[in-house]
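Quick notes on the structure that follows.
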Amino acid sequence: MAVPLTYYLALSAALFAIGVIGVLIRRNVIVVFMCIELMLNSVNLTLVAFSAFLGDIAGQALVFFVMAVAAAEAAVGLAIVIALYRNKQTVNFDDINILKW
Amino acid sequence: MTAEPLLFLFLAAFAVTTAVLMIIQRNPVMSAISLIGNFFCLAALYLMLRAQLLAVLQIAVYAGAIMVLVVFVIMLLNLGDEIKLPVRFGFRRTVGVVLGFGLLLELTYLLLFTPETAEHEMLHADAPLIGTVEAMGTALYSQYLFPLQLTGLLLLAAVVGAVILAKRRLP
C-alpha cells in the first residue's frame, strides 16, 4: 500500500497554514522571515508531490529554481535585518514604522 | 512497502510538530533549530517521493546554507526572548490564528472536493527515473537552460545587494 497524493497535499496545506499563522502572530522580523521559508517549503512539497505522481520533471525543476530564489531572498532579507538593526536597534515589527502612513 | 504509510505518518507528525514549535517558541534560536528539524523532515519526504537530488539540495541549501545564515544573524544581533505581548495586542493573536485556520479549512475543502487529486493513489511508474541527478541535470541544462542562467544572474545581484545593504556606512 502506498501513500496517496492527497496526504502529501494535506500535509503541505497544514504547513502553509502554520507558516501564515506564524507571520500573523510573531513580531520578531527574523522569526517572520523563517515562517516565510516554511511556506516556501510547503509549496515545494506540493510541487515535488505532483511531479512524482504525474511523472513530469517540470515540478522538480521549478523546485530547484525556488530554492535558488530562496537563497537569494535569505541573503538580501538578512542584510536588510542587519541594516535595520543598525539604524533602529530593534528587530520588533511594532517598533519599525518609518513607512507607516 | 507496508512501512511506507507508517513512515509518512511519522514524518508528517514530526514536520507539523516542529513547525508549531517554531512559531510558539519565544527564543529565536530555538525557532531556528525547530525549523532545521522541519527541513530534514521535508528532505525525507522528498526521498519518499523519489526526488533524490532535491532531498540532498534541501539539506545542503536550506538546512545548511540558509539556516546557518539565519543563526549567524541571530548570534550577531544577540537577540533575547521576544517580550510578552501587552493585553491590548491579544486580539491580534486571536485574529491571526482564526485567519490561519480559515486558510487551512479552505485548502482542505479544495482538497476534498477536487476529484482529480483522489485518482492518484500510486507514484507514477517513471517517478524513480525523474528525480535522479542525471535526469535533473539533463532537463536543467537543455530544456531549462535560460532560467538556469537567469538564476545565476539573480544570485550575483543578491550577493551585491546583500553586501551593499549590510555594509557599515562610511562617514
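The values are calculated or read from the model by the stated rules, or taken from the named source; none is laboratory data. Nothing here was measured: the structure is a model prediction, and the numbers come from that model. Virtual Cβ from ideal backbone geometry, glycine too; neighbours counted across all protein chains shown. Just so you know, the surface numbers come from the protein's heavy atoms only, side chains and all, with ligands and any DNA or RNA stripped out. Shrake-Rupley method; radii C 1.70, N 1.55, O 1.52, S 1.80 Å.
Quick check: net charge around A:Phe33, other residues with Cβ under 11 Å of its Cβ, Lys/Arg +1 and Asp/Glu -1? My count for the surroundings of A:Phe33 gives -1. With the convex hull of its Cα atoms as the shape, the stretch B:32-137 has an orientation-averaged projected area of 10.1 nm².
Across peptide A:37-44, the mean count of Cβ atoms from other chains lying within 10 Å of each residue's own Cβ comes to 5. Over all Cα atoms in the stretch B:1-82, the spread is summed up by Rg and Dmax: 14.4, 48 Å.
Quick one: if the Förster radius is 35 Å, what FRET efficiency do B:Glu121 and A:Val43 give, using the C-beta to C-beta distance and rounding to 0.05? Intermediate values should be presented prior to the final figure.
Values: r = 23 Å, r/R0 = 0.66.
Approximately 0.95, to the nearest 0.05.
Run the numbers for B:Val163 and B:Ile24: contour at 0.36 nm per residue of separation, minus the present Cα-Cα distance, in nm.
Working: separation 139, 0.36 × 139 = 50.04 nm, distance 3.21 nm.
Full extension from B:Val163 to B:Ile24 adds 46.8 nm.
Listed peptides B:38-48, B:108-118, A:69-79 appear in the order B:38-48, A:69-79, B:108-118 once ranked by packing, highest mean of other Cβ atoms within 10 Å at the front.
Could you give the length gained by full extension between B:Phe146 and B:Thr94, i.e. 0.36 nm per residue of separation minus their alpha carbon distance, to one decimal place? All intermediate terms of the calculation are to be shown ahead of the outcome.
On the way: separation 52, 0.36 × 52 = 18.72 nm, distance 4.55 nm.
Between B:Phe146 and B:Thr94, full extension yields an extra 14.2 nm.
Sorting the segments A:20-30, B:19-29, B:139-149 by their residues' average number of neighbouring beta-carbon atoms within 10 angstrom, most packed first, yields A:20-30, B:19-29, B:139-149.
Taking every alpha-carbon pair under 8 Å whose residues sit at least 6 apart, chain B reaches a relative contact order of 21 percent. In this simple spin-label approximation, A:Asp56 and A:Thr90 carry label points 7 Å from Cα along the Cα→Cβ vector, and these lie 4.8 nm apart. Here B:Asp126 sits with roughly 70 square angstrom of accessible surface, probe radius 1.4 Å. log₁₀ I(q)/I(0) of the protein assembly as shown at q = 0.11, 0.17 Å⁻¹, via Debye over equal Cα point scatterers, no solvent, to two decimals? Taking Cα atoms of the protein assembly as shown as identical point scatterers yields -0.67, -1.38.
Once R0 is set to 41 Å, what does the formula 1/(1 + (r/R0)^6) return for the Cβ-Cβ distance between B:Asp81 and B:Phe101, expressed as a FRET efficiency to the nearest 0.05? Kindly include the intermediate steps, with their values, before the conclusion.
Values: r = 26 Å, r/R0 = 0.64.
Step by step, r from the Cβ atoms, then E = 0.95.
Per residue of chain B, what 222 nm ellipticity follows from adding -39500 (n - 2.57) for every DSSP H run with n ≥ 4, rounded to the nearest 500? Present the calculation step by step, with values, prior to reporting the outcome.
Working: 9 runs with 123 residues, N = 171.
Value at 222 nm, helices only, nearest 500: -23000 deg cm²/dmol.
Pairwise Cα distances in the stretch A:5-89 exceed 22 Å in 36 percent of cases. Before rounding to the nearest 500, sum -39500 (n - 2.57) across all DSSP H runs of length at least 4 in chain A and divide by the residue total; then give [θ] at 222 nm in deg cm²/dmol. Helix contribution divided over all residues of chain A: -27500 deg cm²/dmol.
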